[in-house]
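Notes follow once the structure below has been shown.
The values are calculated or read from the model by the stated rules, or taken from the named source; none is laboratory data. Everything numeric here is computed off the predicted structure, so don't read it as measured data. Counting neighbours? That spans all protein chains shown, and the Cβs are built from the backbone with ideal geometry, glycine included. Areas reflect the complete protein model, heavy atoms only, side chains present, ligands, DNA and RNA absent. Shrake-Rupley method; radii C 1.70, N 1.55, O 1.52, S 1.80 Å.
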Amino acid sequence: MKKQKLCILGSTGSIGESTLDVISRNPERFEVVALTANRNTGKLAEQCARFDARLAAIADPALQDQLANDLRQVGSKAEVFSGEQGLVTAATLGEIDSVMAAIVGAAGLQPTFHAARHGKKILLANKESLVIAGEIFIAEARRNNADVLPVDSEHNAIFQSLPPGFESGLDEAGVDKIILTASGGPFLDMPADELCQVTPKQACAHPNWDMGRKISVDSATLMNKGLEVIEARWLFHAHPDQIEVLVHPQSIVHSMVEYRDGSVIAQLGTPDMRTPIANVLAWPQRIEAGVKRLQLAQMNDLSFREPDLERFPCLSLAFDAMRAGDSAPAVLNAANEVAVEYFLEGRIGFDRIPGLVGTVMEQVPLVPLDGLDDVMEQDRVARTCAMEYAEKL
């Protein structure tokens, strides 16, 4: 069996580490060629040594020498690159078959986009690539015959529940709607007037999933679900009215597809990201992921409810951005990234996040996006506006 050669963008984060765990369980199928990280040179060097990666890239150029030293310390001979161009180099190496796009936030767009331009199979965990540049990104992938397979548990569940050929349109596939499930996060039933007291530690303590700090906060505000709504619109060629969100606190039913004949097909599993990671790594085959099996006989409570949009307005903001189109999703995402950063630093309250995002969306004019440069310019404008407003809070 020919080994699949991989680049992992963001290998030191939660998704990156889970990907390497799945790979370690299936060494006969996969070969790690390139690994990248934002700033964690020590962990990146250890991963390169363990998996015999031939290229290592660090996003912060100031850490290139430190990475080179760390690699020497662990006996790795990986070639060292840095900065955005270093990430692009890692993602576009000729020998690489697949790119796990696991960098958090808009920072993951450029290397992921260039991987698509080079016809790589994209294992997409970086939802922001589709949130801020969905139409442009999907067009580039199609132009270069690059498969885009979803890693997010919800989108992977939908991917598994759709029929072959859904790319021609959900209507032709007999699909009425896509139903994304949301856990509701740690504050699902907290009184709204207490949200101002939420601390970063509380917001990062997700009841079901083990995730990074930024995505944990997004889950707590339901912005993560809002971003996933926009991502689903492009991944599955869906009209905005074909996407629905239901709160499912148990995180067992990862998402569902409702068909014209009344059938609802769902994907179930334990809340462990190694399941969707294994699915896209081996697609269309199945491999061992190391996850705990569901004990269906012990499940007596699988519940669903409508999301409370007054308590969690970020979800409404995301639907508004999706329907507005053009630059609105890019502005939404940039403002949210700034708001979450300020919250995690203790500079604004948890309850101020949606207000900050909504204000920036009102203040930054809607413009069409004709290319990646336009996307990045709107990202910059929105971040500047968000930081100026945050400083006044």
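With 0.36 nm allotted per residue and the present C-alpha distance subtracted, the E391-R39 stretch has 124.1 nm of extension available. Computed from point charges on the beta carbon alone (+1 for Lys and Arg, -1 for Asp and Glu), the dipole magnitude for the stretch 244-393 about its Cα centre is near 660 Debye.
Quick one: dipole size for the chain, taken about the Cα centre, charges +1 on Lys/Arg Cβ and -1 on Asp/Glu Cβ, in debye to the nearest 20.
Around 1340 debye, computed over the chain.
Based on protein heavy atoms only, the stretch 1-73 ends up with 44 Å² per residue of surface accessible to a 1.4 Å probe.
Sequentially through the stretch 247-260, phi angles give Karplus couplings (6.51, -1.76, 1.60; θ = phi - 60°) of 7, 9, x, 7, 6, 9, 8, 7, 4, 9, 10, 9, 9, 4 Hz, Gly and Pro residues having no value and appearing as x. Within the stretch 296-393, the chymotrypsin sites (Phe, Trp or Tyr not before Pro) that combine a DSSP coil assignment with at most 15 other C-beta atoms in a 10 angstrom radius are F304. For trypsin sites (Lys or Arg not before Pro), the sites in the stretch 64-126 that DSSP calls loop and that have at most 14 other Cβ atoms within 10 Å are K77.
Rounded to the nearest 0.05, what FRET efficiency do T270 and H118 give with R0 = 56 Å and r taken as the Cβ-Cβ distance? Could you check?
After rounding to 0.05, the efficiency reads 0.95.
For the pair D308 and M1, the difference between a 0.36 nm per residue extended length and the Cα-Cα distance amounts to 105.5 nm. Under a 5 Å amide H cut-off, with hydrogens placed 1.01 Å from N, F30 pairs with Q4 among residues at least 5 apart or on other chains. Calculate, for R25 and A297, the FRET efficiency according to 1/(1 + (r/R0)^6) with r their C-beta to C-beta distance and R0 22 Å; round to the nearest 0.05. About 0.25, to the nearest 0.05. Only protein atoms count toward the accessible area here, which uses a 1.4 Å probe; on the chain, the carbon and sulfur part of that area reaches 47 percent.
State, as an integer percentage, the relative contact order of the stretch 89-227 based on alpha-carbon contacts under 8 Å between residues 6 or more apart. Can you show the working numbers first?
Numbers: 160 pairs, mean separation 22.5, N = 139.
Result for the stretch 89-227 is 16 percent.
Database remark: amide H of A182 closer than 5 angstrom to the amide H of L246, V247, H248 (H placed geometrically; neighbours at sequence offset of 5 or more, or on other chains; Pro and chain starts carry no H).
When +1 charges are put on Lys and Arg Cβ atoms and -1 charges on Asp and Glu Cβ atoms, the dipole computed for the stretch 1-158 relative to its Cα centre reaches about 380 debye. Loop-located trypsin sites (Lys or Arg not before Pro) across the stretch 230-332 with a Cβ neighbour count of 12 or fewer within 10 Å are R260, R286, K292, R293, with loop assigned by DSSP.
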